[in-house]
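Below is one structure, written out as structure tokens; comments come after it.
The values are calculated or read from the model by the stated rules, or taken from the named source; none is laboratory data. Not measured: the values here are computed from a predicted model. Because the Cβ atoms are built from the backbone with ideal geometry, glycine has one as well, and the counts that use them run over all protein chains shown. We work out accessible area using only protein heavy atoms, side chains counted, and drop any ligands, DNA or RNA first. Shrake-Rupley method; radii C 1.70, N 1.55, O 1.52, S 1.80 Å.
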Amino acid sequence: CDGGCSEGAICNIDTNTCEQTPDLVTSDSCQQNCGDASILVYSNPDTMLFEQCCEISCECITLPPLQPGIFGRFSSMIYHDDELLVSSYDTTFGDLVVTAHNPATGARKAIEYVDGLPESGNPIADPEGPRAGLNTPGPDIGQHTSIASTETGMVVSYYDVDNKDLKFAQYDNTSQEWTTSSIHSGSGDIGRYTSLAVDANGRAHVAYYAHRTNYAITGEDGGGSQ
């Protein structure tokens, strides 16, 4: 039902359409406000409609996850903790994506949108799913990715298309959170064709292309470049 129905309408999940509240409805459950990221549906559309119709009731359910966009360009892959981890660019939303795959079959186990999400907006899908349920565009980020593993998680270098910057994302296994930062200062077009490696001391090293620019490298912990 495209994330919701107008006031006085109910989503029929069998037909994926919004329907006006039937005259037979006597339950107050069909008049409730479900709030963000939820939608009002028939409690059992298979038995409450058409010739099988009985007393009709409704309930609020969490919206399904947002369908990922077209991702996979500018990809990089590693084997880490018995999984294949792939960083890539979602061309639909303009985001940096990291996916986990079964190493034997290649089947996708998880997908996470790391950078490029809009700063605000109303979710039209499950906020616990991809892109926090947001389908609105954010900054264009995530091309030319390179991924590597560390003792505490994983790191990704990538290109910020909007700002023409080199960026760095770090995942911590303990907090299970991503942090992102820019790892250069200066002006110009910096950060295409990245290649990332982590040395024995856990320090990330990034090779990349700087297009006709003057720049200075920063050496921030976890986000430096040599």
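So here's what we get for this one:
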{"item": "Listed residue (96, 110, 166) projecting farthest to the positive dipole end of the chain, Cβ model", "result": "166"}
{"item": "Simple spin-label estimate for residue 193 and residue 19 in nanometres, 7 Å along Cα-Cβ", "result": "5.9"}
{"item": "³J(HN,Hα), Karplus 6.51/-1.76/1.60, whole Hz, each residue of the stretch 4-18, x for Gly, Pro", "result": "x, 10, 5, 4, x, 10, 10, 7, 8, 6, 6, 9, 6, 9, 8"}
{"item": "Integer Hz, Karplus 6.51/-1.76/1.60 couplings in order for the stretch 164-180, x for Gly and Pro", "result": "6, 10, 8, 10, 9, 10, 10, 10, 9, 5, 6, 7, 6, 10, 9, 10, 10"}
{"item": "Heavy-atom surface of the stretch 116-187, accessible at 1.4 Å and reported per residue (Å²)", "result": "46"}
{"item": "Largest-first ordering by accessible area, 1.4 Å probe, given options 131, 108, 192", "result": "108, 192, 131"}
{"item": "Which of 15, 130, 198, positive extreme of dipole for the chain (C-beta unit charges)", "result": "198"}
{"item": "Helical contribution to [θ] at 222 nm, DSSP H n ≥ 4, -39,500 (n - 2.57), averaged over the chain, rounded to 500", "result": "0 deg cm²/dmol"}
{"item": "Neighbourhood charge, 12 Å Cβ-Cβ cut-off, centred on residue 94 and excluding it, Lys, Arg +1 and Asp, Glu -1", "result": "-4"}
{"item": "Check: the chain dipole with +1 on Lys, Arg Cβ and -1 on Asp, Glu Cβ, in debye", "result": "1240"}
{"item": "Cα centre as origin, Lys/Arg/Asp/Glu Cβ charges: the stretch 83-207 dipole, Debye", "result": "300"}
{"item": "Per-residue HN-Hα couplings for the stretch 64-71 [Karplus 6.51, -1.76, 1.60; θ = phi - 60°; Hz; x = Gly/Pro]", "result": "x, x, 5, 6, x, x, 7, 10"}
{"item": "With every protein chain in place, the chain: carbon and sulfur % of accessible area (1.4 Å)", "result": "45"}
